[in-house]
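Novice: Input: one structure, supplied below.
Derivation of every value follows stated rules applied to the coordinates shown; laboratory data play no part. Being a predicted model, the structure only gives us computed values, none of them experimental. Cβ placement follows ideal geometry from the backbone for every residue including glycine, while neighbour counts extend to all protein chains displayed.
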Amino acid sequence: MKQILWLLCFCAASASAGIIEVTGSASLVSEPTMAILTASVSSEAQTAKEAKKQTDKVMSRVLNAFESANIDGQRYKAGHLQLGPQYNYRSDERELLGYQAQRQLELEVDIDQVGFWLEQFTELGINNVSAPQYQAPLSQKQQDQLLQRALKNALHKAQVLADATEQQLGKVVDVQEQGGSPRPVMYKATMADAESYHAGTVAEQVSLRLKVELN
């Protein structure tokens, strides 16, 4: 059974004459139900043609694997080819070492398929994989509850500050929603990573900034 933990966080608050400004937040921590896998196929060769050929060969195997697994085309993206020379710089000279061809790849999978596809990526020849971006999409009811809890948190802090200054809270004059998103961590794909990676939990957070009148 999915375990859900609600966390209410106190943030910095500031007050000015007639107006008090506070920030309230609420977080929903839960087990992920899906993940986004991002990776890239990179090849180096003496000629641009050969580098492109090697990269296209790996990407073709990957796309064929998706087709064999009946993965919906809406659940993956194959980026355009990036091709460029590789140089070794020596003082005022540069030596052409060869060419590098690279293509990006993104795949959306259910949580129980993460380990399988990380392993498949390695076997198919993908040589750079990002850490999975785990997600737990919220229902409309859960999103509404987050907003309500963040608002309650902000109003509570406003009341605490009003009591401390021996004033009364008035009406809310402004509400702004704030938020952010985590950044993925890059790592080298290996068989061990695919077999031992554990999802853990993910957190969805909502923050509100309120301005409330003081009477």
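Novice: Efficiency by 1/(1 + (r/R0)^6): what FRET value for residue 60 and residue 177, r their Cβ-Cβ distance, R0 = 45 Å, to the nearest 0.05? Walk me through the intermediate numbers first.
Specialist: Numbers: r = 44 Å, r/R0 = 0.98.
Computed FRET efficiency for residue 60 and residue 177: 0.50.
Novice: Okay, moving on. Tabulate in residue order the Karplus-calculated ³J(HN,Hα) for the stretch 25-32, using 6.51 cos²θ - 1.76 cosθ + 1.60 with θ = phi - 60°, rounded to whole Hz; enter x for Gly and Pro.
Specialist: 9, 8, 10, 10, 9, 8, 7, x
Novice: Given R₀ = 45 Å, FRET efficiency for residue 168-residue 131 by Cβ-Cβ distance, to 0.05?
Specialist: Working from the Cβ atoms, E equals 0.35.
Novice: Taking the Cβ of residue 72 as the centre, find all other residues whose Cβ is under 14 Å away and add up their charges (Lys, Arg: +1; Asp, Glu: -1).
Specialist: Local charge sum for residue 72: -2.
Novice: At R0 = 22 Å, how high is the FRET efficiency between residue 123 and residue 74 if r is their beta carbon distance? Nearest 0.05 is fine.
Specialist: Calculated value: 0.35.
Novice: I've got another one for you. Just tell me which lysines come within less than 29 Å, Cα to Cα, of residue 171; anything on the same chain fewer than 8 places away is out.
Specialist: 141, 152, 157, 211
Novice: Could you order peptides 88-99, 49-60, 65-76, 24-35 by the average number of other Cβ atoms within 10 Å of their residues, highest first?
Specialist: Descending packing order for the listed peptides: 24-35, 49-60, 65-76, 88-99.
Novice: Here is a follow-up. Could you pull out every one of the aspartates and glutamates with an alpha carbon less than 16 Å from that of residue 53, ignoring same-chain neighbours closer than 8 positions?
Specialist: 44
Novice: Moving on to the next point. How long is the gain from residue 93 to residue 67 if the chain were fully straight, where each residue apart is worth 0.36 nm and the alpha carbon distance is subtracted?
Specialist: 4.6 nm
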